[in-house]
Amino acid sequence: MTRLQIRRRQFIQSVGLSAAALPFLLGLPSLGLAAPARPRQRLIIMFSPNGTIPPAFWPDEQGRDFQLKEIMTPLAAFKDRMLVLKGLSNKVRGDGDNHMRGMSCLLTGIELFPGNIQGGSDTPAGWASGISIDQEIKNYFQSREDTRTRFGSLEFGVGVTDRADPWTRMSYAGPNQPIAPVSDPYQMYRKLYGQLQDKESLQSVLDDVRGDLKKVRKLVSPEDRRIIEQHETLVRQMEKDLKEAAKQKLVATPPTFEEGIADQNDNVPKLSRMQVDLLVNSFVNDMARVATLQYTKSVGQARMNWLDIKDGHHGLSHEPDKNEEAVEKLTKINQWFAGELAYLLERLATTPEPGGDGSLLDNTMVVWTNELGKGNSHTLHDIPFVLAGGGFGFSMGRSLQFNKEPHNRLHLALAHAVGHRIATFGKQELCSDGALSLA
């Protein structure tokens with residue numbers, strides 16, 4: 001048991017609190033239970049599938065004087081806090097088709113094991129043979145007492161099917177150890193707060209901790225009292241959303257595209273916002289400092305009915321460039337993903353940093369990426385990487401052009417930015433030029 005864990009246990013015993021109150025208290029600076037010895041750094045990796053439409057995505061200009069193209073217009077308010085990185089390539093070769101390697105090598109930067117899962121190539125494949133960068137950074141944070149959190153990392157999904165294969169998993173705890181994202185907000189709520197009976201008769205966690213929080217309010221600073229009140233408000237709103245979703249009989253995980261679309265597909269916009277709110281809430285209370293947010297999956301066949309698009313996403317992405325109607329629909333789909341990123345950034349930007357100046361976004365780096373550069377060519381060059389936020393020491397507000405640099409170098413830059421000075425990440429020979437320079 002660490003010194004921090006001993007302090008937490010002693011505090012709970014001395015004040016006479018229940019363990020259920022801990023999720024509300026760990027992030028309070030004046031109690032010293034989170035022990036942030038240095039400014040907090042957080043990482044979120046957001047994934048959307050099936051490539052992008054390059055002319056509607058990549059800025060024409062380089063440097064600071066760049067204009068956002070149509071897909072990224074929802075991000076206009078955050079342009080000065082963005083890094084658009086063109087010219088990064090997934091150079092991992094080996095077994096599996098480009099969708100497989102695009103997905104399961106995206107965050108690992110290393111080959112897939114040989115396996116029996118057949119894709120669109122001649123060589124079937126298995127899981128990735130190494131850890132993903134989100135888990136590498138999570139492990140580094142968890143190895144230090146001043147950055148250790150309750151969960152370390154949280155893996156959120158939106159519309160990810162139950163099917164487990166290299167097309168559906170991007171996070172890996174190690175070789176052959178894929179991590180399944182949690183697509184059901186009810187399950188994630190239960191994981192965070194440990195209290196959920198059933199969706200229809202959802203019991204408020206606030207009912208059991210109201211007395212405890214009243215005791216704590218007398219012991220903490222005015223700033224911490226404000227944080228507790230914000231947390232209560234966030235939880236109350238989330239519980240309201242969960243109850244309303246139960247009444248509407250929302251289903252969190254859509255069926256596979258072979259089974260049809262039913263009504264589950266149409267729940268994605270609501271489920272997306274619920275997951276983002278839970279993610280931000282977990283950061284407010286320092287439950288984790290690393291998170292992934294995965295929308296559907298590689299070869300994802302969501303039908304964006306809410307955008308008046310009836311075609312499956314993956315099928316559309318295979319249409320030739322001369323199909324103007326398909327290009328227009330794909331642009332609209334990717335713009336919707338940019339809008340969900342904008343919502344995440346807005347929530348982070350409007351949430352004060354507990355115990356410090358500024359907002360959560362000031363200390364959070366969000367990475368938006370994809371498994372392919374372009375859907376109909378299945379290219380692994382010009383993989384979309386858009387960074388937004390702060391806290392990593394990167395010089396933001398720029399569009400940068402690289403020349404087919406291995407994306408492993410970006411992962412190295414993320415690791416170095418949090419103080420994890422590893423020499424290589426993923427496939428060693430793809431790191432010969434060191435970390436990508438983003439300062």
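Worth pointing out:
- Between region 323-343 and region 67-86, the C-alpha centres lie 14 angstrom from each other.
- Taking every alpha-carbon pair under 8 Å whose residues sit at least 6 apart, region 288-439 reaches a relative contact order of 13 percent.
- Residues in region 148-154 carry Karplus couplings, in order, of 6, 10, 4, 10, x, 9, 10 Hz; the curve used is 6.51 cos²θ - 1.76 cosθ + 1.60 with θ = phi - 60°, and Gly or Pro positions show x.
- Estimated vicinal HN-Hα couplings, Hz - region 274-285 in sequence order (Karplus 6.51, -1.76, 1.60; Gly, Pro = x): 5, 5, 4, 4, 5, 4, 4, 4, 5, 6, 4, 9
- Using the Karplus relation 6.51 cos²θ - 1.76 cosθ + 1.60 with θ = phi - 60°, the per-residue 3J(HN,Hα) values for region 212-218 come to 4, 5, 5, 4, 5, 4, 6 Hz, with x marking Gly and Pro.
- Ranked packing of 213-224, 125-136, 272-283, most packed first, by mean Cβ within 10 Å: 125-136, 272-283, 213-224
- On a per residue basis, region 351-413 carries 26 Å² of accessible surface, using protein heavy atoms and a 1.4 Å probe.
- Subset of 69/270; 91/322; 310/332; 138/215; 297/374; 91/329 violating a 21 Å alpha-carbon distance limit: 69/270; 91/322; 138/215; 91/329
- Kirkwood hydrodynamic radius of region 38-185, from the reciprocal of the average inverse Cα-Cα distance over all distinct pairs: 17.4 Å.
- Under-5 Å amide H pairs with residue 359, H placed in peptide plane, nonlocal only: 353
- Trypsin sites (Lys or Arg not before Pro) lying in DSSP loop within region 285-366, provided at most 13 other Cβ fall within 10 Å: 310, 322
- Set of aspartates and glutamates near residue 86 by C-alpha distance (under 19 Å), chain-local residues within fewer than 8 positions excluded: 60, 61, 65, 70, 371, 382, 405, 433
- Carbon/sulfur fraction of accessible area - region 366-409, other protein chains in place, 1.4 Å, %: 47 percent
- If R0 equals 45 Å, the separation of the Cβ atoms of residue 122 and residue 146 corresponds to a calculated FRET efficiency of about 0.35.
The values are calculated or read from the model by the stated rules, or taken from the named source; none is laboratory data. Only a predicted model underlies this, so the values are computations on that prediction, with no experimental measurement involved. Note that we place each Cβ from the backbone using ideal geometry, even for glycine, and neighbour counts take in every protein chain shown. For accessibility, only protein heavy atoms count, side chains too; no ligands or nucleic acids. Shrake-Rupley method; radii C 1.70, N 1.55, O 1.52, S 1.80 Å.
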